[in-house]
Amino acid sequence: MSGVEERITGLVGALRAHGVRIGTGESVDAALAVEALGFADRDLLREGLAATLLHGPGQRAVFDPVFDLYFPRGVGGPGTEGAGRDELRDRLAEALAADDRSLMARLAAEAVDGLGGYGSSPGSDGWSAYQTLDRLRPQTLLARVRDDVGGRDGGAGFADRLLDDEIRRRIEVFRQLVATEARRRVAERRDRDEIARRAVRPTADRVDFLYAGRDQLAELRRTVQPLARKLATRLAARRRRAARGTIDLRRTLRSSLSTGGVPMRPVLRRRRPARPELVLLCDVSGSVSGFSDFTMLLVQALHDQFSKIRVFAFVNRLDEVTGLLEHGRADPDGLGARIRAEARLTGWHGSSDYGVALGEFTERYGATVGPRTTVFVLGDARTNMSDPNLAAVRELARSARRVYWLNPEPRAQWGTGDSAAPEYAELVEMHECRTARQLGALIGGLLPV
Amino acid sequence: MNKRLDSERTLIPTQPEAPLFSSVDDVSARLAETGYLASPAVATTVFLAARLGKPLLVEGPAGVGKTELAKAVAQVAKARLIRLQCYEGVDESRALYEWNHAKQLLRISAGRDESWDETRTDIFSEEFLLPRPLLTAIRGDEPTVLLIDETDKADVEMEGLLLEVLSDFQVTVPELGTITATRRPFVVLTSNAGRELSEALRRRCLFLHIGFPEEELERRIVRLKVPGLGAALAESVVRVVGALRAMDLRKVPSVAETIDWAHTLLALGADTLDEAVVRDTLGVILKHQDDVQKAAAKLDLDAL
Ligand SMILES: Nc1ncnc2c1ncn2[C@@H]1O[C@H](COP(=O)(O)OP(=O)(O)OP(=O)(O)O)[C@@H](O)[C@H]1O
Ligand SMILES: [Mg+2]
């Protein structure tokens, strides 16, 4: 294959653009891996490059589609007579019934070739996975495939109750194959580097909370535990550093009595191990809720880092949800719905009112905040034109040890329209927090130890 | 004089050894002979680790065969397996070396009429050194697989030590000098991601994530480990386990549980799965009572 180095360089560049940190050492290893493995088997090449370039499992989701662009399955179309829609559906049904992956890949190529093309003038033409799937409608094959498989093995076994879900997973695999194929065809006509950066979905931790879809939010929720473990490590390191402290002379001398007065072991002054207290005030309305839910789960997962955590949710009224969060550990996906069903969050209307909610907090729960408490406010500070109640925030800042405000909107939008962000930011430290990656960095740095 | 030359010659590395594996297929075939069935990802990465001489960091959920892989590689390479089992609080004296204080004290009191200098030279010599796994692995001349198991359980401080050892494959004992490996061990580190390992350590290693195997591979593993089990039952077992993994459970079953379940079914003499058998044995695959209940509901089993 020509330009191997070029391909590796391109691949590495695209991965870096997606936030994967790759040094020169890894690039050299990757080249050695390619040399040792050769090009005969693309799957081995893929694994070899992943082993040398990646450092963690989360990176694989962006690696695979990028690899498919720089080391494509082939060049051009499938080279067969364009099959019609009905014929493709028949053959796809068979492939799904047999769970034949390589046949599914072939069919994905034929389908994109036959159904996915659009435009006719160079520059405006291309290949669309969406159009392909919209015309082929693989999801409507479910019943047919089920009957096929059932007819074959009698369908009486226990495991056949699993069949529907298994077929759905196979259809999902096929959809991915179509997406991969369409990207490959597009990249042949346009700038590959550009496609690798734009058309490959970023890892979930780099998606804006405000624009994340349902499945991205679900994917994010699965990263809560690993992220919490990572943060716990970082907090422990900070705590150790803070505790290392100074030599306690008196205790050093006292303990030296056993060694004849020679101070063999310096005794370090220990800080009191009192863990800090945390209070969370979360706007859970509409588009901000993805952000709040994730942050609440993350803090809950970190609960043993604190002596006390209390969590309050609001829209235009505020209610404590600490208990809901604790009991809901087994079912993180349902957290948002539970909070909205069981807590009193709204009064006369359904839109957020920061002023009223914050006022309600200082009034009803002001006593929960003391000199050991760090408070996090989560929300976009969009008050729907009502009074932001700066006095309540001032009061909060006065009684707490620290108050941080995490705002999921891009900084450039603070203060536009009904956003009271700049006013609040004058009273408490406000940070932009658009993605899980940013949140991790902020929590790791801001949480008290 | 002669003696001195002799001992020096043994330090000169011998001829470069024949490569451990000739190809990725060779890896798969030989691991399979020991009873380890490698996915293409596993075989490729093991092949590269041997070729590039880099440590292999294996991450993945419990029970997917991380430890077993290191053992299988050792067997294939006819190498000695040296294992450093990590745990909270493991330190240099457990991982690297320690002086045998008791023996040193005995020696000191035995040699009353020597000068302190003589005694000191003597008690800080090989004879009083207790080598631990890292040092043992570096000093040996025979082929060695060093398994640093459950690295994530060790404290962060331990990583500094590992980094040092894995960079140069040498260890400095202040009283003795620097000891360099004459033959680099094949190193496997495993982690359950209980704690995030540092970027620096990750960079030293080739990275391999072992997830749950594809259905076909898991079927082969089950049939290999539980030879008496029929093909049809093995297939059903793997399908049910696959369905459980897709559920949102506190602890989803791993390969180890699939094998346990297969053993149980064989012992019960079941030759197909039915509701009663699954209901009675679900506890073998799932460890938490609420998982059992959730799974039973989703699998349409009658109330437990
Ligand atoms: N690919 C495989 N081939 C053969 N046996 C396997 C394979 N994968 C897993 N096993 C079996 O699964 C069991 C569990 O493996 P092992 O103890 O190595 O898991 P592990 O990943 O080290 O788990 P832990 O994180 O709990 O230490 C062993 O009995 C092993 O034989
Ligand atoms: Mg293990």
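Some notes on this structure:
- So A:Ala159, is it within 11 Å of another protein chain (Cβ to nearest Cβ) and either free of Cβ contacts under 8 Å to residues at least 60 places away in the same chain or crowded, with 20+ Cβ neighbours inside 10 Å (or both): yes
- Residue match in the stretch A:3-24 (condition: more than 14 Å from chain B (Cβ to nearest Cβ), of a type in the set (S, T, N, Q) and surrounded by fewer than 17 Cβ atoms within 10 Å (Cβ to Cβ)): yes
- Residue count for the stretch B:22-46, restricted to those that are within 16 Å of ligand 2 (Cβ to nearest atom) and within 10 Å of chain A (Cβ to nearest Cβ): 1
- Among (1) within 10 Å of chain A (Cβ to nearest Cβ); (2) in contact with a strand residue (DSSP E or B) (Cβ under 9 Å, 6 or more places away or on another chain); (3) at pLDDT below 85 - the single one B:Lys54 does not satisfy: (3)
- Test: B:Arg239 is of a type outside the set (A, V, I, L, M, F, W, C), within 14 Å of chain A (Cβ to nearest Cβ) and within 17 Å of A:Asp160 (Cα to Cα): yes
- Annotation note: Cβ proximity below 7 Å between a residue of the stretch A:44-64 that is more than 9 Å from chain B (Cβ to nearest Cβ) and a residue that is assigned to a helix (DSSP H, G or I) and surrounded by fewer than 18 Cβ atoms within 10 Å (Cβ to Cβ) (sequence gap 6+ or interchain) occurs for no pair.
- The requirement of being within 25 Å of B:Ile82 (Cα to Cα), of a type outside the set (Phe, Trp, Tyr) and touching a residue at least 40 places away in the same chain (Cβ under 8 Å) is not satisfied by B:Ser254.
- For the stretch B:57-75, filtered to residues that are more than 10 Å from the chain's Cα centre (by Cα) and within 11 Å of chain A (Cβ to nearest Cβ), the residue that is farthest from ligand 1 (Cβ to nearest atom) is B:Glu59.
- Qualifying residue in the stretch A:197-214 (condition: closer than 18 Å to A:Leu11 by Cα, touching a residue at least 60 places away in the same chain (Cβ under 8 Å), more than 14 Å from chain B (Cβ to nearest Cβ) and β-branched (Val, Ile, Thr)): yes
- From A:Leu88, A:Leu69, A:Leu92, A:Leu96, residue being in contact (Cβ under 8 Å) with a residue 24 or more places away in the chain, closer than 25 Å to A:Val4 by Cβ and in a helix (DSSP H, G or I): A:Leu69
- Pair list, Cβ < 8 Å and 6+ apart or interchain, from the stretch A:162-182 residues that are more than 11 Å from chain B (Cβ to nearest Cβ) to residues that are among the polar types (S, T, N, Q) and surrounded by 15 or more Cβ atoms within 10 Å (Cβ to Cβ): A:Val178/A:Thr132; A:Ala182/A:Ser128; A:Ala182/A:Thr132
- B:Arg30 being assigned to a strand (DSSP E or B), modelled with pLDDT of 95 or more and more than 11 Å from ligand 1 (Cβ to nearest atom): no
- Near pairs, Cβ below 8 angstrom, 6+ apart or cross-chain, from the stretch B:144-163 (assigned by TED's automatic domain parsing to the domain that holds B:Lys66 and under 14 Å from B:Tyr87 (Cα atoms)) to any residue that is more than 16 Å from ligand 1 (Cβ to nearest atom) and polar (S, T, N, Q): B:Val156/A:Thr233; B:Val156/B:Ser198; B:Glu159/B:Ser198
- Lone unmet requirement of (1) touching a residue at least 12 places away in the same chain (Cβ under 8 Å); (2) assigned to a helix (DSSP H, G or I); (3) within 14 Å of chain B (Cβ to nearest Cβ) for A:Glu35: (1)
- Yes/no for B:Ala154 being under 19 Å from B:Thr45 (Cβ atoms) and either within 16 Å of ligand 2 (Cβ to nearest atom) or surrounded by fewer than 15 Cβ atoms within 10 Å (Cβ to Cβ) (or both): no
- Selected residue (criterion: farthest from ligand 1 (Cβ to nearest atom)) from residues of the stretch B:164-213 that are under 22 Å from B:Pro19 (Cα atoms) and in a strand (DSSP E or B): B:Thr180
- Residues of the stretch A:406-422 that turn out to be within 10 Å of A:Glu432 (Cβ to Cβ) and of a type outside the set (S, T, N, Q), as a count: 8
- Output for the stretch B:174-220, where each listed residue is within 16 Å of ligand 2 (Cβ to nearest atom) and β-branched (Val, Ile, Thr): B:Val187, B:Val188, B:Thr190, B:Ile210
- Every residue from the stretch A:95-129 that is over 19 Å from A:Gly74 (Cα atoms), surrounded by fewer than 18 Cβ atoms within 10 Å (Cβ to Cβ) and modelled with pLDDT of 90 or more: A:Ala98, A:Asp99, A:Asp100
- All positions within the stretch B:161-196 that are at pLDDT 85 or above and within 12 Å of chain A (Cβ to nearest Cβ): B:Ser167, B:Ser191, B:Asn192
- Selection count where residues are assigned to a strand (DSSP E or B) and of a type outside the set (A, V, I, L, M, F, W, C), scope the stretch B:73-107: 5
- Flag if B:Leu134 is away from ligand 2 (no atom under 16 Å from the Cβ), more than 14 Å from chain A (Cβ to nearest Cβ), closer than 30 Å to A:Ile22 by Cβ and crowded, with 16+ Cβ neighbours inside 10 Å: yes
- Count - residues of the stretch B:248-289 that are facing another protein chain (nearest Cβ under 10 Å) and surrounded by 15 or more Cβ atoms within 10 Å (Cβ to Cβ): 5
- From the options B:Ala74, B:Ala49, B:Ala62, residue that is closer than 18 Å to B:Leu206 by Cβ and either of a type in the set (Phe, Trp, Tyr) or within 16 Å of ligand 2 (Cβ to nearest atom) (or both): B:Ala74
- Within the stretch B:258-300, the set of residues being small (Gly, Ala, Ser) and part of a helix (DSSP H, G or I) comprises B:Ala262, B:Ala267, B:Ala276, B:Gly283, B:Ala295, B:Ala296, B:Ala297.
- Scanning the stretch A:309-357 for residues that are charged (D, E, K, R) and part of a helix (DSSP H, G or I) turns up A:Glu326, A:Arg329, A:Asp333, A:Arg338, A:Arg340, A:Glu342.
- Count - residues of the stretch B:294-304 that are within 11 Å of chain A (Cβ to nearest Cβ) and either under 24 Å from B:Ala62 (Cβ atoms) or within 34 Å of the chain's Cα centre (by Cα) (or both): 3
The values are calculated or read from the model by the stated rules, or taken from the named source; none is laboratory data. Owing to the predicted nature of the structure, the values given are computational and were not obtained by experimental measurement. A quick note on method: Cβ atoms are made from the backbone with ideal geometry, for glycine too, and the neighbour counts reach across all protein chains shown.
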